[in-house]
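Heads up, the thing below is written out as structure tokens.
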């Protein structure tokens with residue numbers, strides 16, 4: 001199944017004793033439709049406050065239901081911030097996490113003197129002007145296979161800090177700065193830590209070459225703090241065509257949060 005969700009009011013994806021997670025809500029809805037307990041496996045776990053445009057999950061069940069029943073039935077039971085988009089039978093050897101080839105994340109940052117109100121939980125925010133070209137130059141250093149130890153959370157459980165970033169683009173639309181990151185996989189807090197470091201470069205605290213030094217020394221303590229979760233979106237997951245999943249199509253930035261851009265303002 002493919003789903004989208006607004007992570008603002010949830011404690012992240014992964015089920016936990018206190019409840020109020022996306023996984024808890026999804027499993028409760030699917031279990032009611034199936035008439036048996038359902039446990040789902042997802043392509044990637046998102047933290048509290050992180051959103052998803054194209055999340056993928058799979059589950060096993062003995063229940064026979066139409067695909068529309070899985071989608072429409074789940075949506076009738078799910079809270080308003082979560083919606084199923086698509087469902088299909090799949091092969092027994094498909095695995096939402098391990099069969100994924102690439103993940104894509106978007107981070108949307110409001111670069112404006114005044115904090116967001118209407119879109120408070122849909123964008124990150126930084127009040128000082130950011131130099132786009134400096135951030136783009138720094139971003140290019142992160143593309144490729146690297147040891148991302150300086151960009152992983154202390155509690156990260158990944159066996160290896162080595163990841164391959166296939167795309168890291170920084171663009172501006174009005175006062176929205178968008179970061180698009182693609183990789184074979186991401187470490188815990190890796191995207192938010194990269195965004196925090198690129199913002200340090202953009203505001204002039206460090207030269208773009210500082211990013212290369214972080215990659216070399218691998219010291220998390222010398223990198224920028226983890227940036228806010230509010231503007232982070234799991235935008236899509238890529239699979240081999242043999243699995244016949246619908247390809248994710250990146251929407252225009254303004255379509256993700258309609259009306260979020262503001263007139264460009266002189267922030268000097």
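The values are calculated or read from the model by the stated rules, or taken from the named source; none is laboratory data. Because the structure is predicted, anything quoted here is derived from the model rather than measured. Neighbour counts run over all protein chains shown; Cβ positions are idealised from the backbone, glycine included.
Is it the case that some residue within the stretch 28-40 is in a helix (DSSP H, G or I), without any contact (Cβ under 8 Å) to a residue 60 or more places away in the chain and closer than 30 Å to residue 120 by Cβ? Checking the stretch 28-40: at least one residue is in a helix (DSSP H, G or I), without any contact (Cβ under 8 Å) to a residue 60 or more places away in the chain and closer than 30 Å to residue 120 by Cβ. Checking the structure you have, find out if any residue of the stretch 42-57 is touching a residue at least 60 places away in the same chain (Cβ under 8 Å), more than 14 Å from residue 7 (Cα to Cα) and buried (at least 20 other Cβ atoms within 10 Å of the Cβ). Yes, the stretch 42-57 contains at least one residue that is touching a residue at least 60 places away in the same chain (Cβ under 8 Å), more than 14 Å from residue 7 (Cα to Cα) and buried (at least 20 other Cβ atoms within 10 Å of the Cβ). Taken together, 91, 74, 96 contain a single residue that is surrounded by fewer than 19 Cβ atoms within 10 Å (Cβ to Cβ) and either under 30 Å from residue 178 (Cβ atoms) or not assigned by TED's automatic domain parsing to the domain that holds residue 165 (or both), which is 91. Taking the stretch 49-155 and the strands (runs of 3 or more DSSP E) fully enclosed by it, no element has 2 or more residues that are out of contact with any strand residue (DSSP E or B) (no Cβ under 9 Å at 6 or more places or on another chain). Within the stretch 6-18, which residues are crowded, with 16+ Cβ neighbours inside 10 Å and either assigned to a loop (DSSP other than H, G, I, E, B) or assigned by TED's automatic domain parsing to the domain that holds residue 228 (or both)? If the condition is that a residue be crowded, with 16+ Cβ neighbours inside 10 Å and either assigned to a loop (DSSP other than H, G, I, E, B) or assigned by TED's automatic domain parsing to the domain that holds residue 228 (or both), then 6, 10, 11, 12, 13, 15 are the ones that fit.
Of the conditions (1) closer than 28 Å to residue 179 by Cβ; (2) within 19 Å of the chain's Cα centre (by Cα), residue 80 satisfies every one except a single condition; which number is it? Here residue 80 clears every test but (2).
Of the candidates 33, 82, 53, 38, the single residue that is modelled with pLDDT under 95 and over 20 Å from residue 188 (Cβ atoms) is 53. If you go through the stretch 97-114 and pick out every residue that is under 24 Å from residue 235 (Cα atoms) and free of Cβ contacts under 8 Å to residues at least 60 places away in the same chain, you end up with 2.
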